[in-house]
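Just below is one structure, and these are the notes that go with it.
Read-outs: derived from the displayed coordinates by stated rules, not from any lab. This one's a predicted model, so the numbers in the text were calculated from it and none came from an experiment. Methodologically, a virtual Cβ is constructed for each residue, glycine included, from the backbone with ideal geometry; neighbour enumeration extends over all protein chains shown.
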Amino acid sequence: MLDIKNLHASIAGKEILKGINLHINAGETHAIMGPNGAGKSTLSAVLAGNPAYTVTEGEVTFNGKDLLSMAPEVRAREGLFLSFQYPVEIPGVSMTNFMRAAVNAKREHQGMPALNAGEFLKLMRAKRSLVELDNKLTGRSVNEGFSGGEKKRNEIFQMAMLEPCLSILDETDSGLDIDALRIVAEGVNKLHTEENATIVITHYQRLLDYIVPDYVHILADGQIVRTGGKELALELEEKGYAGLMQ
Amino acid sequence: MSVQHLHIAAGEHKHLVIAHVSDETAQWRITQEKDSVLTIHLFCLEKDDDTTCNALLDIEQVGEYAETYIYGLGVLTGKQQINVRTHVRHSVPNGKSSQLLKFAVKDNARAEFVGELIVAPNAQHTDARQTNRNVLLSPTATMHTQPQLEIYADDVKCSHGATTGQIDESALFYMQQRGIAPDEARRLLLTAFFHDVLTTLGEQEVEERIQRRIAEKLQ
Ligand SMILES: Nc1ncnc2c1ncn2[C@@H]1O[C@H](COP(=O)(O)OP(=O)(O)OP(=O)(O)O)[C@@H](O)[C@H]1O
Ligand SMILES: [Mg+2]
């Protein structure tokens, strides 16, 4: 599904990704861990097409297509979803109008007719219940005045609405209380199928107790320095990065 | 250039919509008597990319407890130019005025807003507000804003604010990441930007018509 080969990327003239190689098949869950500043969010931003970053080398294939040549909105419509580490507040743009535009853009891309008002509201209601997102929140402007945890829950609600084929969850667990973490993780698990894949970026084993990864990668200084099974995260928890890398 | 004179009698409520100000100068001289209420809506949404618009609003409150509301919005594209000048004079006590003007400027267009607010020495208990917010949609677009406050009375409530910014790039990328095309994203962001001006119309139907005009202009 996703094939990253020797990916280099920089921001403001500074190289952050220094040759990433990663292969992800449908049905898999990959965890990416790594110290602060290693380049985890940079990798997700580059995959999503954030124009602030420049790809200097390498290639990325997504479902057989050249991902890096697509505009960000096309990547999204092709099924790539990023749950932002820091979701953006958009005052004045209602969650409803925002989601309707997103859902219908994807449907149009797939040659499907736009949802009518009734169908759309039904979909909103169904997906909201998946992550137990408060009705009041979908009635407000996008993320405006949402608490940290509410923003993260809202990201997974949007993921449920858009049914992506590859989801990148960038520290979706940070800011969530114990109960919210379980609810959000269960939501992610319910959305998981043999046709889609998930990349979970996290610092903590706690999330991986719920979302059990097939592979764990350690990203340090712009490169994947180790790859293992779910037990690698446990080893990391025990030894820390310094101990692990010795 | 002709000046339109308007005298608003005591207790009278007047609503003025100034919508077509292309290639001419819309100049108004308005005096307001006691307890009168004047509401002006100014729209600069000319389709033609090559027009120059001038709007001069010269308003004086000559009777106490008069209220003046000026709401304006404009979307300027191509080589359009606009020059909006408001001159609001509180000559007597207990008056109220509130101005809210917003402009989105694109391409090589240029917008200028000069807001003169004068509170005469005896115009105590005046409550005057002026807000001007602008967004530049292209690096070559320009906005010039100039609030001029002359306040000669001491027991008054006056405030003014002027800001010029750009479309929030992080919001734009967030929306694109959800599959929304940049044009559509910008339209949603600008609808949000103009929202508070539009709601002052108090008529859903007119509001929607103006929104469509804004969307057309931005295509
Ligand atoms: N605009 C910028 N100019 C220069 N350096 C930048 C810029 N933006 C990010 N960086 C740097 O890129 C590096 C990688 O940042 P990134 O956000 O990808 O790290 P991360 O692995 O996600 O870290 P964390 O675990 O803290 O979220 C950091 O050293 C950061 O300071
Ligand atoms: Mg990060």
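The table that follows gives values for the structure above.
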{"quantity": "Sites residue A:234 and residue B:47, calculated FRET efficiency, Cβ-Cβ separation with R0 51 Å, nearest 0.05", "calculated": "0.20"}
{"quantity": "Nearest 10 degrees, 0 to 90: helix A:117-130 Cα axis against chain A principal axis", "calculated": "40"}
{"quantity": "Inter-chain shielding of A:71-77 (mean C-beta neighbours from other protein chains, 10 Å cut-off)", "calculated": "6"}
{"quantity": "Considering only chain A, percent of DSSP beta bridges that pair antiparallel, nearest 5", "calculated": "60"}
{"quantity": "Between helix A:148-162 and chain A: long-axis angle, C-alpha atoms, 0 to 90°, nearest 10", "calculated": "70"}
{"quantity": "Relative contact order (%) - segment B:2-167, alpha-carbon pairs under 8 angstrom, separation at least six", "calculated": "17"}
{"quantity": "Nearest-ten-degree value, helix B:204-217 long axis tilted from longest Cα axis of chain B", "calculated": "50"}
{"quantity": "Model label zone, residue A:192; criterion: amide N under 11 Å from point 7 Å along Cα-to-beta-carbon; scope segment A:142-168", "calculated": "none"}
{"quantity": "Cβ-based exposure ranking for B:170, B:91, B:2, in which fewest neighbours within 10 Å come first", "calculated": "B:2, B:170, B:91"}
{"quantity": "Radius ratio Rg over Rh of segment B:2-167, counting only Cα atoms, Kirkwood formula for Rh", "calculated": "1.00"}
{"quantity": "Amide H contacts under 5 Å for residue B:14, placed H, 5+ residues apart", "calculated": "B:37, B:38, B:39"}
{"quantity": "222 nm mean residue ellipticity, helices alone, for chain B (DSSP H n ≥ 4; -39,500 (n - 2.57); rounded to 500)", "calculated": "-6000 deg cm²/dmol"}
{"quantity": "HN-Hα J in Hz across segment B:2-18 - Karplus 6.51, -1.76, 1.60, θ = phi - 60°, x for Gly and Pro", "calculated": "10, 9, 9, 9, 9, 10, 9, 6, 3, x, 7, 10, 10, 10, 10, 10, 10"}
{"quantity": "Average partner coverage of B:164-176, which counts Cβ from other chains inside 10 Å", "calculated": "6"}
{"quantity": "Residues whose placed amide H lies under 5 Å from that of residue B:135, excluding near-sequence neighbours", "calculated": "B:103, B:104, B:105, B:165"}
{"quantity": "Candidates A:111, A:39, A:229, ranked by Gaussian network fluctuation over chain A, Cα under 10 Å, top entry", "calculated": "A:111"}
{"quantity": "Cross-link reach list, aspartates and glutamates versus residue B:106, counting only Cα pairs under 17 Å and skipping chain neighbours closer than eight places", "calculated": "B:46, B:48, B:49, B:50, B:168, B:169, B:183, B:184, B:216"}
{"quantity": "Ellipticity estimate at 222 nm from DSSP helix runs (n ≥ 4, -39,500 (n - 2.57)) divided over chain A, nearest 500", "calculated": "-12000 deg cm²/dmol"}
{"quantity": "Whole-Hz ³J(HN,Hα) from phi, Karplus 6.51 cos²θ - 1.76 cosθ + 1.60, for segment B:122-128, glycine and proline x", "calculated": "8, 7, 5, 6, 6, 10, 10"}
{"quantity": "Anchor residue B:14: lysines whose Cα lies under 16 Å away (excluding residues fewer than 8 positions away in-chain)", "calculated": "B:34, B:96"}
{"quantity": "Too-long pairs where the Cα-Cα distance tops 30 Å, listed order kept, from A:18/A:65; A:127/A:239; A:122/B:217", "calculated": "A:127/A:239; A:122/B:217"}
{"quantity": "For residues of A:89-97, the mean tally of beta carbons on other chains within 10 Å", "calculated": "5"}
{"quantity": "Contact order relative to length of segment A:2-244, as percent, for alpha carbon pairs under 8 angstrom and 6 or more apart", "calculated": "28"}
{"quantity": "Residue order, fewest to most beta carbons within 10 Å, for B:31, A:198", "calculated": "B:31, A:198"}
{"quantity": "Whole-angstrom gap from segment B:32-48 to segment A:1-22, using each part's C-alpha centre", "calculated": "56"}
{"quantity": "Residue order, fewest to most surrounding Cβ atoms within 10 angstrom, among A:136, A:190", "calculated": "A:136, A:190"}
